[in-house]
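Here the structure is laid out as structure tokens; the discussion comes afterwards.
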Amino acid sequence: SEGAITPFWSPVSHKIGFFAVGRLVWTDLAGTAPQLIARVPPNSEGGSWSPNDTILFGTNNAGIFSVPASGGNPVAVTTPTPDEGAHHWPEWLPDQQHFLYRAASGTVFVGAVGGGGAATSLLRTNAKAEFVAPDIVLFVQGQDLLAQRLDLSTFTLRGTPTPVVSQLRVGNRSRASFSASASTLLYRNRPAQGDGVSLQALDGAAKPVRDLAIGQVRRFSASRDGRFLAVHAHETNTPDGEVWIVDVRRGGKSRAGIESAHFDFPVWSPDSTQIVV
């Protein structure tokens, strides 16, 4: 499963679908070598596998596609408008004809396969939504995970949203760190300020000299002269993080002047004057 992203279960939980380097594939719990289902557009992610063995998957530059789990050519089932951007994170509904999906613009729709009519706008969210049997939709507002009932005859929401989890970890590209079965919710909280790995300077006898003024550290590397650290951290609680230069002698820090992106594994040049990320 090298290079795998966004895995999803088959209906009876014995197979797992996932995306890897322009391919949609499946494996099983017995460790079967990944089997090709279809070649897919670049940056495809977010799949849903129905009991009738049809897979829906989303993209980050096009619409929702459908493909038989046994293999075949993907068929587009939605076409984004210019205002919507891409369609992604589909979720089958129980009738196996309708499904949820999110547009990059932030609206979750109910769509249909097989000429089931125009898509219906359902709610606004800054991340993916999930359907949980028998009639619950989980969705994100800000950093909060909410639940609301879905009328499966009219495909409209009923009642008011119920808070489920606060301070949920929400990433980029509409990713959010939660997944639900009929009885269990798995989620990841957003780290509070100061949580995560911290840095400490030690002397030659491994005796602590000072704490370095940075927290929520992910990756770091030292300059060859040992004076500075380049650190990938999440000091500002952004999904992508940022790069900081830490002065080991004085303990101070400054943010590197690099435009926003997901930074990992900063590396120093041999003369300790530049870094690459």
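The values are calculated or read from the model by the stated rules, or taken from the named source; none is laboratory data. Owing to the predicted nature of the structure, the values given are computational and were not obtained by experimental measurement. Heads up, the Cβs are rebuilt from the backbone with ideal geometry, glycines too, and the neighbour counts pull from every protein chain shown. The accessibility values were calculated without ligands, DNA or RNA, using every heavy atom of the protein model including side chains. Shrake-Rupley method; radii C 1.70, N 1.55, O 1.52, S 1.80 Å.
Along the principal axes of its C-alpha atoms, what lengths does the chain span, in descending order and rounded to whole Å?
Reported extents, whole Å, longest axis first: 68, 43, 40.
Using θ = phi - 60° and the Karplus form 6.51 cos²θ - 1.76 cosθ + 1.60, what ³J(HN,Hα) does each residue of region 155-171 get, whole Hz, x for Gly and Pro?
Couplings: 6, 10, 7, 10, x, 10, x, 10, x, 10, 9, 9, 6, 5, 6, 10, x Hz.
With each label point set 7 Å from Cα along the Cα-Cβ vector, what nm distance links HIS14 and GLN96?
Taking the two extended label points, one gets 1.7 nm.
Can you give the longest stretch of the chain with no exposed loop site, where a site means GluC sites (Glu not before Pro) in a DSSP loop (not H, G, I, E or B) with at most 12 other C-beta atoms within 10 Å? Mind showing how you got there, number by number?
Values: sites that count: GLU2, GLU259.
The reported range is 3-258.
Could you tell me which residue out of ILE5, GLY111, GLY22 lies farthest along the dipole of the chain toward its positive end? Charges go on the beta carbon: Lys and Arg +1, Asp and Glu -1, centred on the Cα centre.
ILE5
Taking R0 as 30 Å, what FRET efficiency do you get between ALA30 and ASP240 from their Cβ-Cβ distance, rounded to the nearest 0.05? Please list the in-between numbers first.
Details: r = 37 Å, r/R0 = 1.24.
Here the calculated transfer efficiency is 0.20.
Take region 1-64, compute every pairwise Cα distance, and split them into 5 Å bins from 0; I just need the percent in each bin.
4, 19, 32, 27, 14, 4, 1
Could you give me the ³J(HN,Hα) list for region 79-90, computed from phi with Karplus coefficients 6.51, -1.76, 1.60 and θ = phi - 60°, whole Hz, x at Gly and Pro?
Result, rounded to whole Hz: 10, x, 7, x, 6, 7, x, 6, 10, 8, 6, x.
Based on the alpha-carbon set only, what is the convex hull volume of region 85-148 divided per residue, in Å³?
Details: hull volume 4.9 nm³, N = 64.
Looking at region 85-148, the number lands at 77 Å³ per residue.
When a/c reaches 1.5 or more, the comparison of a/b and b/c decides; with that in mind, is region 1-133 rounded, prolate or oblate per its Cα gyration tensor? Provide the component values of the computation, followed by the final result.
Details: a/c = 1.77, a/b = 1.49, b/c = 1.19.
Prolate, since a/c reaches 1.5 and a/b exceeds b/c.
At a temperature of 10 °C and a viscosity of 1.306 mPa s, determine how fast region 50-92 diffuses translationally according to Stokes-Einstein, using the Kirkwood radius over alpha-carbon pairs as Rh; express D in µm²/s, rounded to the nearest whole number. Each step should come with its number before you reach the end.
Values: Rh = 10.7 Å.
Translational diffusion coefficient: 148 µm²/s.
Once phi is turned into ³J(HN,Hα) by the Karplus curve 6.51 cos²θ - 1.76 cosθ + 1.60 with θ = phi - 60°, what whole-Hz value does each residue of region 219-235 show in order, with x for glycine and proline?
Each residue of region 219-235 in turn: 9, 7, 8, 9, 5, 4, 7, x, 7, 10, 10, 9, 10, 8, 9, 10, 4 Hz.
What's the carbon and sulfur percent of the chain's accessible surface, probe 1.4 angstrom, rounded to a whole number? Show your work: numbers first, answer last.
Working: 7400 of 14200 Å².
On the chain, the fraction of accessible area on carbon and sulfur atoms equals 52 percent.
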